[in-house]
Amino acid sequence: MIEYFTKALVLDQENSGEFDKLIFFYTEDLGKVVAKAKSIRKITSKLASQLEPLNFVRVRLVKKNGFQVVDALAFDKIKASQPALELVRFIKEMTFELQPDRKFWLLIRKTFQNLKNNKKFSYKPLLKALGFALDFARCSVCDSKFVVYFSKTEQVFLCRRCAPTPIKDFIEIN
Ligand SMILES: [Zn+2]
């Protein structure tokens, strides 16, 4: 049984069994991790409020047939807003489990700090860190270099003119 203690952002959660949940983290030390939080849906659970999506936490995990949450303490909570929820969904969908990336973690911290302080935030640095530099990006339909959308599922860029309506499954880059 191996124990880990790391900072993490709570990305999402899903019900599991009668009282448990699966918690999706992006962690500083391990990259994306899915861990079971036992009994978290019981009313007496102290962990439930700590493990809300958009919380930055210090979390203790153990690994024995998959990861389990032992303990977690939130040290920063981001208010749920459309851009914030879009951002965690983006991180969840664009990262792989157990591929730690310290630079990406710091970028996540900075991006959410900007969001929290109502500063401008952009997907550009995040996309670049994930290998999608915008310098050479072209619209996948017409080859225009004025790209404004990125599809997470297709992993392509689009210009404003070629974007489908309604815009679905695309993030606006600006
Ligand atoms: Zn185009």
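The values are calculated or read from the model by the stated rules, or taken from the named source; none is laboratory data. Worth saying up front: this structure is predicted, and the values here are computed from it rather than measured. Positions of Cβ are backbone-derived with ideal geometry, glycine not excepted, and every protein chain shown enters the neighbour counts. Note: accessible area is taken over every heavy atom of the protein model, side chains too, but ligands, DNA and RNA are not part of it. Shrake-Rupley method; radii C 1.70, N 1.55, O 1.52, S 1.80 Å.
Calculated FRET efficiency, PHE5 to GLU172, Cβ-Cβ distance, R0 = 35 Å: about 0.45 to the nearest 0.05.
A 1.4 Å probe run over the protein chains yields, for the chain, 59 Å² of accessible area per residue, whole-number rounding. Given a 1.4 Å probe and every protein chain left where it sits, what share in percent of the accessible area of the chain is carbon and sulfur? Ligands and nucleic acids excluded, carbon and sulfur give 50 percent.
Note on the chain: with a GNM built from Cα contacts shorter than 10 Å, the maximum mean-square fluctuation among LYS92, LYS32, LYS116 falls on LYS116.
Rounded to the nearest 500, what is the chain's calculated 222 nm mean residue ellipticity when only DSSP H runs of at least 4 contribute -39500 (n - 2.57) each, over all residues?
Calculated mean residue ellipticity at 222 nm is -6000 deg cm²/dmol.
In this simple spin-label model, placing a label point 7 Å from the Cα along the Cα-to-Cβ direction at both GLU97 and ARG160 gives a separation of 4.1 nm.
Between LYS145 and LYS120, the modelled label-to-label distance comes to 2.0 nm, taking each label 7 Å out from Cα in the direction of the beta carbon.
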